[in-house]
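Below is one structure, written out as structure tokens; comments come after it.
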Amino acid sequence: MLPVGRFSKTDAWIAGTWTDPGARFRVINPATGETIAEVADCGPEEARRAVEAAETAFRAWSGTSVYERSAVLWRLRDLMLEHREDLARLMSLEMGKPIKESRGEVVYAAGFVEWYAEEAKRIFGEIIPASTLEKRILIQAAPVGPVYGITPWNFPAAMVTRKLAPALAAGCSFILKPAEQSPLTALALAELLHEAGLPPGVFQVITTHDPAGVSQVILDDPRIRKLTFTGSTEVGSKLYAQAAATVKRVSLELGGHAPFLVFEDADLDKAVKEAVTCAFRNTGQTCVCANRIYVHEAVAGRFLEAFVEAVRGLKVGDPLDESTDIGPLVDQQGFDKVKAHVDDALRRGAKALLGGTPLAPGGRAGGYYFAPTVLAGVDAAMRVAREETFGPVAPVLTFASEEEAVRLANDTPYGLAAYVFTKDVSRVFRVTEALEYGIVGVNDGVPATPQAPFGGVKLSGVGREGGTYGIEEYIERKFVSIKL
Ligand code: NAD
């Protein structure tokens, strides 16, 4: 229930004003089914005002010095860490992330702000040697323009700062449309950025229960020069087409289907530990969660035994409880999808070594809980082996050779993250080079970090977020030729 510490805003943040459009939609705590807030339900009118304000604010913000922008970002980073506990509680309440992980996400999200507070000062131009002596070739860096960002609910803070921090550092203004399930963390970030000294209109949050209608208005407007989206491939590809009409720059961070390869020479204890974190963190609701765990047949028995024991140790419970490892799924739709995937696998002959059914811990009614599940005997035709399940489900399969492991790993239209567990350094190079993925963790189940480029290939998206590459997504390179 609101307030959570200092955070109580439920209006949209448009043109530097908390805006009440009249209509409201509910934000539900997925652990209890209770309404925790009624948030501003914006429509086309608010969308038009936001575009207007973003355009005006862009002119002023793009004219500030990088040191000024850096100072605002540093203040935001400090405020996020100062209010870490309240931000974490807000997140856990609105989307069910276990509180330990929510605290970790605040630090991760603030890490992007810190990185780009520093990187703002290193947006360099270039001078390129010309072919003749009377010419000089300059490359200047310019911000891309007003940006429209759409984010998912699974990382309510980090998916925002991973886009917003480089955009602000580059000199862009930014309209954010957070997911309907998790608008409160986004509104809290707006409050903190205002306190950090960001001028009105540079960052706006348009909350809505009609993402398609609001997005249509914003995407049709030629003044918005960039779309950055994180979410499902289905929605992302539609937005890609919509953005084409006004030829906007586009970054898409979409779905994945991550293979997790455990070779016969792997450190099995480590592989088990990392597989548990990789498959079950955020209750299995991350785009880089292990979706297919492939284990070499010579060690599959030992791996499975230890893996099942480790998963059995995960504690399901209230996201606000300190000891909880697994919370509820985000909503009815997420819950139904997980159940349908598991039922499909069991019907086609897979075996649940653990879980396989919905749960209602402590007799709690209304919570979207599903038991941590380990499936053996999975084959490639099952939905769990082909589609993103987005839940606490780990399908385990086997392979007989390195060549087969790579072939199976690449047998998907997705290409976000893959994982390789081996002690053989030559194999590390062979396999990482052969995997068609944007991110590969070697003996590492959680590779994402603010200073590295995150993103996918194939149906997993275009563009990169994080590190030096992430800021280029918000910069135009202008070529200036000077004849002396
Ligand atoms: P989603 O695509 O349903 O929603 C994402 C966002 O798009 C939300 O803000 C939603 O309101 C908005 N949206 C939905 N329909 C829209 C429309 N027609 N027009 C404009 N906006 C629309 O995805 P989700 O369920 O919120 O998030 C889960 C998905 O996100 C998974 O597929 C996951 O893999 C992906 N994801 C990817 C990354 C990455 O970095 N690649 C990170 C996190 C999540």
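The values are calculated or read from the model by the stated rules, or taken from the named source; none is laboratory data. Since we're looking at a predicted model, the values are computed, not measured. Here Cβ is always computed from backbone atoms with ideal geometry, including for glycine, and neighbour counts include all displayed protein chains.
Collect the residues in the range 174-192 that are more than 9 Å from the ligand (Cβ to nearest atom) and in contact with a Pro (Cβ under 6 Å, 6 or more places away or on another chain), keeping them in residue-number order. Result: 185, 186. Would you mention how many residues in the range 290-324 are under 24 Å from residue 439 (Cβ atoms) and not β-branched (Val, Ile, Thr)? The total comes to 8. Checking the stated criteria, residue 436 turns out not to satisfy the condition of being charged (D, E, K, R), within 14 Å of the ligand (Cβ to nearest atom) and either out of contact with any helix residue (DSSP H, G or I) (no Cβ under 9 Å at 6 or more places or on another chain) or outside any helix (DSSP H, G or I) (or both). Checked against (1) surrounded by 17 or more Cβ atoms within 10 Å (Cβ to Cβ); (2) polar (S, T, N, Q); (3) under 21 Å from residue 88 (Cα atoms), residue 35 passes all but a single condition, namely (1).
Determine which member of the set 195, 234, 274 is acidic (Asp, Glu) and surrounded by 17 or more Cβ atoms within 10 Å (Cβ to Cβ). Being acidic (Asp, Glu) and surrounded by 17 or more Cβ atoms within 10 Å (Cβ to Cβ) holds for just one of 195, 234, 274, which is 274. Quick one: would you say residue 68 is surrounded by fewer than 22 Cβ atoms within 10 Å (Cβ to Cβ), assigned by TED's automatic domain parsing to the domain that holds residue 92 and under 22 Å from residue 221 (Cβ atoms)? Against the criterion (surrounded by fewer than 22 Cβ atoms within 10 Å (Cβ to Cβ), assigned by TED's automatic domain parsing to the domain that holds residue 92 and under 22 Å from residue 221 (Cβ atoms)), residue 68 does not qualify.
With the condition kept exactly as written, say whether any residue in the range 256-277 is within 16 Å of the ligand (Cβ to nearest atom) and either at pLDDT below 95 or in a loop (DSSP other than H, G, I, E, B) (or both). The answer is yes; a qualifying residue exists. When the range 280-327 is examined, which residues are found to be in a helix (DSSP H, G or I) and polar (S, T, N, Q)? Of everything in the range 280-327, those that are in a helix (DSSP H, G or I) and polar (S, T, N, Q) turn out to be 282, 283.
Within the set 45, 34, the sole residue that is in the same structural domain as residue 214 (by TED's automatic domain parsing), at pLDDT below 95 and acidic (Asp, Glu) turns out to be 34.
This table checks each residue for (1) among the aromatic types (Phe, Trp, Tyr); (2) outside the structural domain of residue 422 (by TED's automatic domain parsing); (3) touching a Phe, Trp or Tyr at 6+ places or on another chain (Cβ under 8 Å).
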{"residue": "237", "(1), (2), (3)": "no, yes, no"}
{"residue": "279", "(1), (2), (3)": "no, no, yes"}
{"residue": "282", "(1), (2), (3)": "no, no, yes"}
{"residue": "310", "(1), (2), (3)": "no, no, no"}
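When restricted to residues that are of a type outside the set (Lys, Arg) and either without any contact (Cβ under 8 Å) to a residue 12 or more places away in the chain or exposed (fewer than 14 other Cβ atoms within 10 Å of the Cβ) (or both), the range 45-59 contains 1.
Taking the stated definitions as given, is residue 144 in the same structural domain as residue 83 (by TED's automatic domain parsing) and either over 20 Å from residue 83 (Cα atoms) or surrounded by fewer than 24 Cβ atoms within 10 Å (Cβ to Cβ) (or both)? Criteria met by residue 144. Under the condition of being farther than 14 Å from residue 12 by Cβ and either charged (D, E, K, R) or within 11 Å of the ligand (Cβ to nearest atom) (or both), the residues counted in the range 193-216 number 5. If you go through the range 226-246 and pick out every residue that is part of a loop (DSSP other than H, G, I, E, B) and under 22 Å from the mean Cα position of the chain (by Cα), you end up with 2.
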